[in-house]
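The values are calculated or read from the model by the stated rules, or taken from the named source; none is laboratory data. Everything quoted here is computed from the prediction, not taken from an experiment. Because the Cβ atoms are built from the backbone with ideal geometry, glycine has one as well, and the counts that use them run over all protein chains shown. What goes into the accessible areas is simple: the full protein's heavy atoms, side chains included, and nothing from ligands, DNA or RNA. Shrake-Rupley method; radii C 1.70, N 1.55, O 1.52, S 1.80 Å.
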Amino acid sequence: MSELTGKLDELRGRFDAALTAASDDRALEEARIAYLGRSGEVTLLRRSIGQLPAGERPGAGKIINDVVEAMEAALEEARTRLQLRAFDEDLAQRIDVTFPSVAPMRGSIHPIRRVLEDICTFFERHGFAVVVGPEIEPDYYNFDALNIPPEHPAREGFDSFYITDTLLLRPHTSPMQVRTMQQHRPPVAIIAPGRCYRRDAVDARHSFMFHQCEGLLVGEQVHFGHLKGMLTGMCRALFGPDQSVRFRPSYFPFTEPSAEVDTTCPTCHNIGGPCRMCGGSGWIELGGAGMVHPNVLHEMNYDPDVYSGWAFGFGLERMAIVRYDIDDIRRFFENDPDFLAQFA
Amino acid sequence: MRVPIAWLREYVELLDDSQTIADRLAMLGFPVEHIEERPQITGVVVGRIVELDKHPNADRLQVGKIDVGTGSLLTIATAATNVAAGQTIPVALIGAKLPHITIERRKMRGLESEGMMVSAEELALPPEWFEDGIMQLDADLPLGTDVVEHFRLSDDVLDVEITSNRVDAMSMIGLARELAAAGGAPLRLPSFDNPGTALDAPGVAPRVTIASADCTRFVTQRFDGLRVGPAPAWMRIRLALAGQRPINNVVDISNYVMLETGQPLHFYDDAGVRDRHLIVRDARDGEKLTTLDDVTHTLTPLALVIADEDGALGLAGLKGGKTSEVSPSTTSILLESANFNGARIRRMSAKLGFRTDASSRHEKSPAASLTSIGAARAATLLTAIGAHAYAPHDFGEPLEPAAPIHFPLRDIRRLLGFDQSADRTRRHLESLGFGVTPLDGDAFSVVPPPWRRDVKHRADVVEEVARMAGYENVPTVIPTIAPHEIDGGEYHLEQRVAASLASLGYNEIITYSMVGADSFAKLRLGNVDRQTEAIEIRNPLSEDQRYLRIMLLPSFLAHIARVDRPLRIFEIAHVFTHANDYIDETQQVTFALAVEPGEEHAWHDPHFLRLKGDCEVLIRELTGRTPETVQDSRPVLHPGKMAAMMLDNQEIAVFGRVDPRIEHAYDLRLRVYVGRMLFNRIPPYIAPRYNPPSKFPSTYRDLALLVDLDITAAQVEQTVATAIGEFCVGVRVFDEYRGPGIDADSKSIAVRATLQRYDATITDDETDDLIARAIAALHNDLGARIRA
Ligand SMILES: [Zn+2]
């Protein structure tokens, strides 16, 4: 019996030494297998109990069981110790968080579309539908139906690209007003974005191809104040919550009353002074707007005594220039990768 | 239009500074592009040269004794040569501040000079427009009068933009009227009574024959006893400030009246008009006319001319002719104050290729009533310089008063969104010259003033009300929009395409819609057929923008050549082609990879597969379904590296590598892979149905096959899937090999089949059995052998 105890003590001493020496889980597992495994030393000892006299066997079994239990506890303790040490080591790690990131491969949306998206989202939230249409349009849609008959002086403002005598690349998105009103009875609430073309020489502020965004609301009890309300909302969506909008009287054949629409300069916050964006006026010109001319409503078989409406047509490049502080309209069409990457 | 504030002050009291006046004009609809600030000049007074002598010590100087109304004479030396005793001139006193100098007491060659005789330049007037030397003032000016104050030389000049509907405001009176109305100030108009005497003039009276419907009205009047010479200083100064060069008193009066009233005038030398009979008619084909600028025009009947019996005298509304030009010896003149059809003047001006200050007004159809006002002002001013005015004669249509407009006051609320009292509305309209008569039922009968031809409709009256109330009083209101059924689906599809491609790593670009003829050749599309299919622009800005694109590829290739860096780009734009008798304009998306060239197997192209994967993801995103890829052949793409993507046997996209010969034509170093999808081919999105996963594990087998070169991966996958049947949950070819160890007419293909049951764990025996079936089918259908 004492022989067994002595063996166990000696074995236990070696086991504890192995646990202490173990620096990882694998070493612990090796120790477990060597002592407590299927053919481990303790297991072999347990098998040897069968050779003891029958009377001693239960006592020997208990001694071995107690030792095994203690060894398993020691093993668990060693595991915990190792685990805690591993955590400590892990948590002691320090990296340079300012090291450059691993960039995901990501494309980009053109700034013109970004501006358009925000405009459309704002108007859609208020019940407008976004409609698109052709870029080659008959002069009827571009002019006649919009109260610009042939020889009207206002036609001079639209130096257009012609395909035939009567077909041209649209110089504005207003034909979509006509198309929509021809197809629908009031209420009509649309945003019509798209490419437009005018025979302007290209410079920092002009492009023969540009994007316009048309807005049209026609219904009962639609007034000029609603236009101001929606445009104020739009400018806040685009340029920030403090924007306001100013109307100045102007002239367009398809609207009456007509207005030039300005918004407070987001670059200088309407202060003016030496501001590159607004030239010191504190205001940014957005484009033309007004109440749909009764002649246009009449042409669409809308009764101008019952229905009223407003329309606006703004250049998206202008809005993107102001929003992103872009210096030259040509940037939008050069598509320089470093330019585009800034809108990813 | 250059508008001297000094001139506006003739008609309306303006107490504000220039910026405030400019802001007020802008808020009335007349934006001020620029304020030209005038220098602040002081100490210049009217003086008279009493005596003039040679300077005792200098040959080139003269010394004058100048009376400036103080009782004593000033001694002033000058180098100017145009001075003479008796002249009335501006004199800068000691202490005077001129643009670049302050006048001090100083000695000129030993003689003390007590001031300076002043030229136009020193008063900040264009020197080349005035006499060379000392400026000449009118003799009737009281001596000692402050010149700057008298002529308001320090008042700024505004550059005002005037919209084409407001030709009535292309005049000093027109703008002054607006400022007076907006400021509630009185408008002080000069008399519009014509001082012409009713007495018969000697000889025949002037008469006009109007032989064209494009002349609505023509006032003529004869003046004699005229002495052509410089106009009075005040008139020359005003004209110069307004940007109009003074010429002589007759020309200056015509320009002055045009700028003042908006009515262009023309004067004929009475001797140059046969029988004093003016004829307004179409020009004869080939008729020649030399205009005042010595240009000889060969006319067509498109031109409208003023003629006498002998031939054309001038271009109506545009420019006078040489033969009847007023000369320094002219003493008798005939006035033309006429009204024409604006469209006719515009057409003629466009055809002849020039505009004048007169035509820029005539082409906007000013009111016919201005003709009499213009004549009256001209007669008044001519009389003031000593001419005798005979009776004016009117020809053409009688002046009709404007038709009254029924204006219900509720339109203010209905269209502007605010209320204002009937009294206020009436006061505003009347201040602009409208006649207002209240009617029953809260309405006005509104008669536009004769000079306003732009107000025809109720809505026009509403705008006047809004302008006078101030656009800043329009409220800011968010409308509530009633439901409607207008569909915005097309825009949303476009946004989804853009978002998908951006998420796949593509950068959106926007390129011009026009290309040159050379792009068709570079794309190997042939010259004739394709170009006739392409839409041609009649008036392109340049040859390389003559055609609308039939595809976006040429713009992409040009862009990639310019950037010369690996890129992923996409663009959504319209493409245009002729289709039978209409123009086919379609929204489409093109996306492209530009990659560095590298060594690849002839039978393998990873970039193609990358693009294919992007196409599949995009189509799945848009349609909810996975397309089938089929071999195809198209122009512009590599014949062995292109394919179409099909859904329900409809092609919805085409993609592949660009034909290397085209890459070469665009000087491309990079290789380009491009995909294109027409929006109208994209079927509606179908939500994919969910397949619940099996609770039982799946298993797979990989097969290495030897097949003939023409057997496709799709055929192998299809054959395996069909042979295994319902337990086949996936088949994918994952490798291909050709080369050493394999017959030249064969290739090795590796395929993985994944099997799974929904009702039980699939057993090894079942799996082996099904795979054996697949192998048999591969052998029977495709001649495939299992590779050892
Ligand atoms: Zn600013």
Does segment A:221-233 contain at least one residue that is open to solvent by 30 Å² or more (accessible area, probe 1.4 Å) and either within 16 Å of the ligand (Cβ to nearest atom) or not in a loop (DSSP other than H, G, I, E, B) (or both)? no
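Any residue that is assigned by TED's automatic domain parsing to the domain that holds B:Gly229, of a type in the set (D, E, K, R), open to solvent by 10 Å² or more (accessible area, probe 1.4 Å) and more than 30 Å from B:Glu400 (Cβ to Cβ) - is there at least one of those in segment B:331-354?
There is at least one residue in segment B:331-354 that is assigned by TED's automatic domain parsing to the domain that holds B:Gly229, of a type in the set (D, E, K, R), open to solvent by 10 Å² or more (accessible area, probe 1.4 Å) and more than 30 Å from B:Glu400 (Cβ to Cβ).
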Could you tell me which of the residues B:Asn680, B:Asn691 is of a type outside the set (Lys, Arg) and either farther than 22 Å from B:Leu770 by Cβ or part of a strand (DSSP E or B) (or both)? B:Asn680
Go through (1) on the phi < 0 side of the Ramachandran plot; (2) within 16 Å of the ligand (Cβ to nearest atom) and name the single condition A:Tyr197 misses. (2)
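Just the residues that are outside any helix (DSSP H, G or I), touching a His at 6+ places or on another chain (Cβ under 9 Å) and not acidic (Asp, Glu), please, taken from segment B:477-498.
Answer for segment B:477-498, where residues must be outside any helix (DSSP H, G or I), touching a His at 6+ places or on another chain (Cβ under 9 Å) and not acidic (Asp, Glu): B:Val477, B:Ile478, B:Pro479, B:Thr480, B:Ile481, B:His484, B:Ile486.
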Looking at B:His266, B:His277, which one is open to solvent by 20 Å² or more (accessible area, probe 1.4 Å), touching a residue at least 24 places away in the same chain (Cβ under 8 Å) and not polar (S, T, N, Q)? B:His266
Count, please, the residues in segment B:159-215 that happen to be surrounded by fewer than 21 Cβ atoms within 10 Å (Cβ to Cβ) and small (Gly, Ala, Ser). 13
Across segment A:118-136, what is the total count of residues that are acidic (Asp, Glu) and within 8 Å of another protein chain (Cβ to nearest Cβ)? 2
Under the condition of being closer than 25 Å to B:Leu370 by Cβ, out of contact with any strand residue (DSSP E or B) (no Cβ under 9 Å at 6 or more places or on another chain) and open to solvent by less than 50 Å² (accessible area, probe 1.4 Å), which residue from segment B:432-478 is farthest from the other protein chains (Cβ to nearest Cβ)? B:Gly433
Out of (1) touching a residue at least 12 places away in the same chain (Cβ under 8 Å); (2) on the phi > 0 side of the Ramachandran plot, the odd one out for B:Ala653 is which? (2)
Residues in segment B:499-520 that are in a loop (DSSP other than H, G, I, E, B), more than 8 Å from chain A (Cβ to nearest Cβ) and surrounded by 17 or more Cβ atoms within 10 Å (Cβ to Cβ) total 0
Condition first: touching a strand residue (DSSP E or B) at 6+ places or on another chain (Cβ under 9 Å) and among the hydroxyl-bearing types (Ser, Thr, Tyr). Now tell me which residues in segment B:350-381 satisfy that. B:Thr356, B:Ser359, B:Ser365, B:Ser369, B:Thr371, B:Ser372, B:Thr380
A:Met319 meets each of (1) within 16 Å of the ligand (Cβ to nearest atom); (2) farther than 29 Å from A:Val188 by Cα; (3) open to solvent by less than 20 Å² (accessible area, probe 1.4 Å) with one exception, condition (2)
How many of the residues in segment A:195-220 are within 7 Å of chain B (Cβ to nearest Cβ) and over 25 Å from the mean Cα position of the chain (by Cα)? 5
Among the residues of segment B:339-372, write down those that are among the small types (Gly, Ala, Ser) and touching a Gly at 6+ places or on another chain (Cβ under 7 Å). B:Ala358, B:Ser359, B:Ser365
Select from segment B:19-36 the residues that are out of contact with any Leu (no Cβ under 7 Å at 6 or more places or on another chain) and more than 20 Å from B:Glu463 (Cβ to Cβ) and list them in ascending order. B:Gln19, B:Thr20, B:Glu33, B:His34, B:Glu36
So B:Asp743 clears everything in (1) open to solvent by 40 Å² or more (accessible area, probe 1.4 Å); (2) assigned to a loop (DSSP other than H, G, I, E, B); (3) within 30 Å of B:Val575 (Cα to Cα) except one condition, right? Which one? (3)
Restricting attention to segment A:284-314, which residues are away from the ligand (no atom under 12 Å from the Cβ), open to solvent by less than 20 Å² (accessible area, probe 1.4 Å) and aliphatic (A, V, I, L, M)? A:Leu286, A:Ala289, A:Met291, A:Val292, A:Val296, A:Leu297, A:Met300, A:Ala311
Specify which of the listed residues (B:Asp708, B:Asp667, B:Asp659) is open to solvent by 30 Å² or more (accessible area, probe 1.4 Å) and assigned by TED's automatic domain parsing to the domain that holds B:Gln588. B:Asp667
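Regarding A:Ser207, is this residue of a type in the set (Ser, Thr, Tyr) and either open to solvent by 10 Å² or more (accessible area, probe 1.4 Å) or within 14 Å of the ligand (Cβ to nearest atom) (or both)?
Values: of a type in the set (Ser, Thr, Tyr): yes; either open to solvent by 10 Å² or more (accessible area, probe 1.4 Å) or within 14 Å of the ligand (Cβ to nearest atom) (or both): no.
So A:Ser207 does not fit the description; no.
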Quick check: anything in segment B:421-431 within 14 Å of chain A (Cβ to nearest Cβ) and more than 21 Å from A:Ser258 (Cβ to Cβ)? no
Hey, any hits in segment A:137-152 for a residue that's within 8 Å of chain B (Cβ to nearest Cβ), open to solvent by less than 40 Å² (accessible area, probe 1.4 Å) and assigned to a helix (DSSP H, G or I)? no
Here the residues within segment B:582-599 that are in a loop (DSSP other than H, G, I, E, B) and touching a Leu at 6+ places or on another chain (Cβ under 8 Å) are B:Glu596, B:Pro597
When you check B:Leu541 against the structure, is it assigned to a helix (DSSP H, G or I) and either within 9 Å of chain A (Cβ to nearest Cβ) or open to solvent by less than 30 Å² (accessible area, probe 1.4 Å) (or both), yes or no? no
Output the residue which, of all residues in segment A:257-283 that are farther than 19 Å from A:Ala237 by Cα and either more than 8 Å from the ligand (Cβ to nearest atom) or hydroxyl-bearing (Ser, Thr, Tyr) (or both), is farthest from the other protein chains (Cβ to nearest Cβ). A:Pro274
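Answer with yes or no whether A:Ser250 is more than 30 Å from the chain's Cα centre (by Cα), facing chain B (nearest Cβ under 8 Å) and not β-branched (Val, Ile, Thr).
It is true that A:Ser250 is more than 30 Å from the chain's Cα centre (by Cα), facing chain B (nearest Cβ under 8 Å) and not β-branched (Val, Ile, Thr).
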I'm checking my understanding of the structure. Among residues of segment A:234-256 that are assigned to a loop (DSSP other than H, G, I, E, B) and open to solvent by less than 20 Å² (accessible area, probe 1.4 Å), which one is farthest from the ligand (Cβ to nearest atom)? A:Pro253
